[in-house]
Amino acid sequence: MNGKKLYRSESNRMLCGVCAGIAEYFDIDPTLIRLLWAFCCCFGVFPAVIAYIIAAVIVPSESAVQ
């Protein structure tokens, strides 16, 4: 394994920190993930709101990982 872990960000969060955690995992700008997520919500690419809620419940927070 590469040592990376997916978690919800505590430092760079807007709502629950899911997008920032995904961005940190893939080492990209969190704004890009947030824009992609907003696009998916607005244009119905997939039920992004439901996916965000599920991710907020399933993905552990940064403090729980450390």
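Some points to look at:
- A single member of 51, 23 is part of a helix (DSSP H, G or I), surrounded by 12 or more Cβ atoms within 10 Å (Cβ to Cβ), touching an Asp or Glu at 6+ places or on another chain (Cβ under 9 Å) and of a type in the set (A, V, I, L, M), and it is 23.
- Neighbours by Cβ (under 9 Å, 6+ apart or cross-chain): first from the stretch 1-25, touching a residue at least 60 places away in the same chain (Cβ under 8 Å); second assigned to a helix (DSSP H, G or I): 5/25; 5/65
- If only residues of the stretch 1-20 that are surrounded by fewer than 17 Cβ atoms within 10 Å (Cβ to Cβ) and among the small types (Gly, Ala, Ser) are counted, the one that is modelled with the lowest pLDDT is 3.
- Selection from the stretch 26-48 of residues that are open to solvent by less than 40 Å² (accessible area, probe 1.4 Å) and either modelled with pLDDT under 90 or in a loop (DSSP other than H, G, I, E, B) (or both): 40, 48
The values are calculated or read from the model by the stated rules, or taken from the named source; none is laboratory data. Please read all numbers here as calculations on a predicted model, not as lab measurements. Cβ: placed from backbone, ideal geometry, glycine included. Neighbour counts: every protein chain shown. When the accessible area is computed, the model is the full protein with side chains, heavy atoms only, and any ligands, DNA or RNA have been set aside. Shrake-Rupley method; radii C 1.70, N 1.55, O 1.52, S 1.80 Å.
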